[in-house]
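Input: a single structure, listed below in structure tokens.
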Amino acid sequence: MPYSIKTHEYPGFPTDLQSPYTILMTQAEGSSLIHETIYDRRLVYADLLSQMGADIILCDPHRVVVNGPAKLRGRKLTALICAPASP
């Protein structure tokens, strides 16, 4: 069953659980909206999941729509490294 989330500070949905939850929603039947409100570029991994077979639409830097279920497959991927901003 799909379920949309919006991350938030305590007692809201923890941002650290957002990425595994997104993967879980690739297996739910229907569409889920994942809305990251705390960190910029936190959803950059969504493109990598798409390469593994996930049906994910990046709406903007803070929101993705996950359509499931999707059959995920192993792939050789290159991780993106986000360097901290210079002062």
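The values are calculated or read from the model by the stated rules, or taken from the named source; none is laboratory data. Nothing here was measured: the structure is a model prediction, and the numbers come from that model. Methodologically, a virtual Cβ is constructed for each residue, glycine included, from the backbone with ideal geometry; neighbour enumeration extends over all protein chains shown. Only protein heavy atoms, including side chains, enter the accessible area calculation; ligands, DNA and RNA are left aside. Shrake-Rupley method; radii C 1.70, N 1.55, O 1.52, S 1.80 Å.
Structure notes:
- Count of residues meeting criterion [of a type outside the set (A, V, I, L, M), out of contact with any Phe, Trp or Tyr (no Cβ under 8 Å at 6 or more places or on another chain) and open to solvent by 70 Å² or more (accessible area, probe 1.4 Å)] in the range 5-30: 7
- Qualifying residue in the range 37-57 (condition: among the small types (Gly, Ala, Ser), in contact with a Phe, Trp or Tyr (Cβ under 9 Å, 6 or more places away or on another chain), part of a helix (DSSP H, G or I) and touching a residue at least 12 places away in the same chain (Cβ under 8 Å)): no
- Test: residue in the range 25-35 that is at pLDDT 95 or above and in a helix (DSSP H, G or I): yes
- For the range 40-75, the set of residues classified as among the small types (Gly, Ala, Ser) and open to solvent by 60 Å² or more (accessible area, probe 1.4 Å) consists of Gly74 only.
- Where a residue in the range 11-27 is closer than 17 Å to Pro69 by Cα and its partner, wherever it lies, is open to solvent by less than 20 Å² (accessible area, probe 1.4 Å) and hydroxyl-bearing (Ser, Thr, Tyr), with Cβ under 6 Å and at least six apart: Met25/Ser32
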